[in-house]
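The values are calculated or read from the model by the stated rules, or taken from the named source; none is laboratory data. This is a predicted model, so every value here is computed, not measured. Because the Cβ atoms are built from the backbone with ideal geometry, glycine has one as well, and the counts that use them run over all protein chains shown.
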Amino acid sequence: MPKPRPLSFRRLLFFRLLLLSVPVLLIGEFVVFKKARYTQLENARQNLTESAILKGQKITETIASLKTILLTATQTTLVRSGDSEGVQQFIDELEEGLSSIECVQFRDLDNNKVTASTCGDEALENITSIEPAEIKAKVVIPPKVYIKSLKNPERGTKNKLQVLLSAPVYESTGRIRYILSIKSELQQKVRKKPGLLNGSTVIVSDDGTIIAHPLEARIGTNIAQHADAARLRKIINNAISGKQDSLQFFFEKQGEELVAGYTAINSPTLTVPNQKWVILNVTPLENALHGLTELKVILVVLTLGLVCVCLIAALYIARYLASPVEKLCNYALNINSSSSVQDVPHFQIREFNQLSQAVHQMVERLKSWGEELELAWKDAKTANQVKSQFLATTSHELRNPLNIIINCVRLVREGLCDNKEEELEFLKRADETAIHLLQIINDLLDISKIEAGKLSVSLEAIDLRDILKEVINLQSVNVQQKGLKLNVPDLETLIPVQVDPTKLKQVLINIISNATKFTEEGSITILVETNQSHVLVSVRDTGIGIEPDQQHKLFRPFVMVEGANNQKFGGTGLGLAISRNLIEMMGGKITLESAGINQGTTIKITLPLIDIVSDTVDNASLAAPDELPIRDFNLIPSRQESGVVHVNQTPIFQMIKLNLKNNYGEKAKR
């Protein structure tokens, strides 16, 4: 199958620009449209909710006003007299004066007859008794059949929510004799604020009964009988609980999606305590999103225009950017195919000029890269020789102790010592040298385990004072023999840590031994500082010090600081590398600080403290340790007595003995 033909840079750049710009443009237009729709729906929610609140306030104010009017009317002398003609004239004037009142009726309780009325001769409500100072309120659900008012034909009962208020009228003797009733319309026109979204009013009681609805067939029914009852119930529950921060949607049977703003008011009838009415202001979703159609048209036109602009811009940018690349390509091909010197192309774009200069210099740079690769190969070869040098150094460190041990043992075995004390001296030197040799072998094993990832520690909760006192006691002899002053801390407070005691002791011994080895005069100071979470152990000496640019190398395996002053101390360069790995495996940290040559060195070990109350810690193991005797480390250098060499019968062994005493004795101790 033939490979597809590669596209040119100009064509590829053109398509990539379109592929990047057009989707971003469409996504931006979509986001703008969604944001505009959300904003318009939010405005609709606020308008519908505010309109519903206004309608609820109007109903509440109407009920309160009617009760005041009714109470005032029952206290007039004319009404209390019971004169039918006078009362009829009074209620006619009252109805004409208030447009919200549908009709007024005055009834005698003694004979249960209507004496004056604008509502007809039939009693509006079958009330035979009424409590003093009580105004009964009853909601009148309009009938399915439209009924015109007899006195005022413009008024009627078509789809209007009405309330019937009844109050007692007292005779001059103070007895309740009459009942005055007012029937009034509750759903009056509310004076809308400018900019509010107009909607239809739906009133639902908290039990789900529809009290008022734009559709006559819905009045008096329960919301459970209609479509989308679950959403309507959710709206009612939100209104009763006071939640008005969300826009609610529901559907009618015809599939029309409606939007509702809502509020809740106390029921005017008060027949049930804490009964609520939910006032819904409802409008179709199309009305809520009125004006969004124009925005759609604008966005479509804007999108088409921007796509055309993107197309033209992509053509121009592709041509503008591809032309320098094509020239550079031709220039590079000519350099590859021709040995003649060609002029470097120049462009109006600075980056392309830099690129042309880079192409011009590429051949020379390739030559220099070849030389750099050769140097890098030499560096790699040198790095490969590091372990070889380490093996040579290690073989020297191993061979010298072995020679000392062999010679010491041979002198004792052959009976060439002058006396018993000399035999013990050589055996002691052989023992010390063997221990030194064992330490070198242990370091080699530890570093091999570290490189293989097999070195492990066994953590346990201990008191750090135990390890410090033991190490100080062990190292005090070496410090004393070298004539140095050892300053130790006051170890009085419990220092609970979770470490490997053996490995930690190995690290501390190595650090103090190094401080002793590299310090000719002065002192070695051990400090212990604790805070809430960590303990810091510092070992500070006044020795030869380390140059700042060499300090970072000391924690690498097989590496020792270069310098003529350091070569006489010997060593394998593994101690600090092993110590760092062990301390880090125990959750701690080790650092080295030195101001420079002959400025001394400070090594700091940081270990985390543990909670002695924790279940993982054996409190018995952290009890006050047995006091270990710590010697007085304020020492004075001791004088070495010059030994007397006895000439033995075999001169060669006498020379070996003298050589061991003078040359190898100090190395064996180190």
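Do you know which residues across region 404-434 are loosely packed, with under 15 Cβ neighbours inside 10 Å and acidic (D, E)?
Result: E414, D418, E421, D431.
Going by the conditions given, is E125 of a type in the set (D, E), at pLDDT below 85, assigned to a loop (DSSP other than H, G, I, E, B) and farther than 30 Å from A224 by Cα?
Spelling it out, it is not the case that E125 is of a type in the set (D, E), at pLDDT below 85, assigned to a loop (DSSP other than H, G, I, E, B) and farther than 30 Å from A224 by Cα.
Of the residues V114, V104, which is among the aliphatic types (A, V, I, L, M), crowded, with 20+ Cβ neighbours inside 10 Å and closer than 13 Å to L180 by Cβ?
V104
When region 575-592 is examined, which residues are found to be of a type outside the set (S, T, Y) and within 37 Å of the chain's Cα centre (by Cα)?
Correct list: R580, N581, L582, I583, E584, M585, M586, G587, G588, K589, I590, L592.
When you scan region 191-207, do you find a residue that is modelled with pLDDT of 75 or more, of a type outside the set (A, V, I, L, M) and within 21 Å of G120 (Cβ to Cβ), even just one?
For region 191-207, residues modelled with pLDDT of 75 or more, of a type outside the set (A, V, I, L, M) and within 21 Å of G120 (Cβ to Cβ): absent.
If I ask for residues that are of a type in the set (F, W, Y) and modelled with pLDDT of 80 or more, which ones from region 280-333 would you list?
Y316
In region 21-49, how many are among the acidic types (D, E) and under 13 Å from L295 (Cβ atoms)?
Residues that pass the stated criteria total 1.
Output the number of the condition that L491 fails; it satisfies all remaining conditions of (1) in contact (Cβ under 8 Å) with a residue 12 or more places away in the chain; (2) of a type in the set (A, V, I, L, M); (3) outside any loop (DSSP other than H, G, I, E, B).
For L491, the exception is condition (3).
When region 480-513 is examined, which residues are found to be over 22 Å from E529 (Cβ atoms) and touching a strand residue (DSSP E or B) at 6+ places or on another chain (Cβ under 7 Å)?
Listed by number, the list holds a single entry, L484.
Among the residues of region 368-375, are any out of contact with any Cys (no Cβ under 9 Å at 6 or more places or on another chain) and either surrounded by 15 or more Cβ atoms within 10 Å (Cβ to Cβ) or modelled with pLDDT under 75 (or both)?
Within region 368-375 (the criterion being out of contact with any Cys (no Cβ under 9 Å at 6 or more places or on another chain) and either surrounded by 15 or more Cβ atoms within 10 Å (Cβ to Cβ) or modelled with pLDDT under 75 (or both)), the answer is no, since none of the residues qualifies.
Restricting to region 43-95, name every residue that is closer than 30 Å to K243 by Cα and acidic (D, E).
Of everything in region 43-95, those that are closer than 30 Å to K243 by Cα and acidic (D, E) turn out to be E50, E61.
Do we find that E50 is farther than 30 Å from C103 by Cβ, among the acidic types (D, E) and not in a loop (DSSP other than H, G, I, E, B) in this structure?
Yes, satisfied.
Please determine, by comparing only the residues of region 521-530 that are in contact (Cβ under 8 Å) with a residue 24 or more places away in the chain and surrounded by fewer than 20 Cβ atoms within 10 Å (Cβ to Cβ), which one is farthest from Q475 (Cα to Cα).
Top of the filtered list is T530.
If we keep just the residues of region 95-113 that are of a type in the set (A, V, I, L, M, F, W, C) and closer than 16 Å to E85 by Cβ, which is farthest from the chain's Cα centre (by Cα)?
Looking at residues that are of a type in the set (A, V, I, L, M, F, W, C) and closer than 16 Å to E85 by Cβ, I get F106.
Which residue pairs have Cβ atoms under 7 Å apart, sit 6 or more places apart or on different chains, and have a first residue in region 578-598 that is of a type in the set (K, R) and a second that is at pLDDT 85 or above and assigned to a helix (DSSP H, G or I)?
K589/I583
Does region 496-519 contain any residue that is more than 15 Å from I603 (Cβ to Cβ), assigned by TED's automatic domain parsing to the domain that holds T602 and in contact with a Lys or Arg (Cβ under 9 Å, 6 or more places away or on another chain)?
No; the residues of region 496-519 include none that is more than 15 Å from I603 (Cβ to Cβ), assigned by TED's automatic domain parsing to the domain that holds T602 and in contact with a Lys or Arg (Cβ under 9 Å, 6 or more places away or on another chain).
Report the residue count in region 86-133 for those that are of a type in the set (D, E, K, R) and either free of Cβ contacts under 8 Å to residues at least 24 places away in the same chain or on the phi > 0 side of the Ramachandran plot (or both).
The qualifying residues number 5.
Going by the structure shown, is R177 surrounded by 15 or more Cβ atoms within 10 Å (Cβ to Cβ), at pLDDT 80 or above and within 46 Å of the chain's Cα centre (by Cα)?
Here the answer is no, as R177 does not meet what is asked.
If a residue must be in contact with a Leu (Cβ under 6 Å, 6 or more places away or on another chain) and free of Cβ contacts under 8 Å to residues at least 40 places away in the same chain, how many such residues does region 212-237 contain?
1
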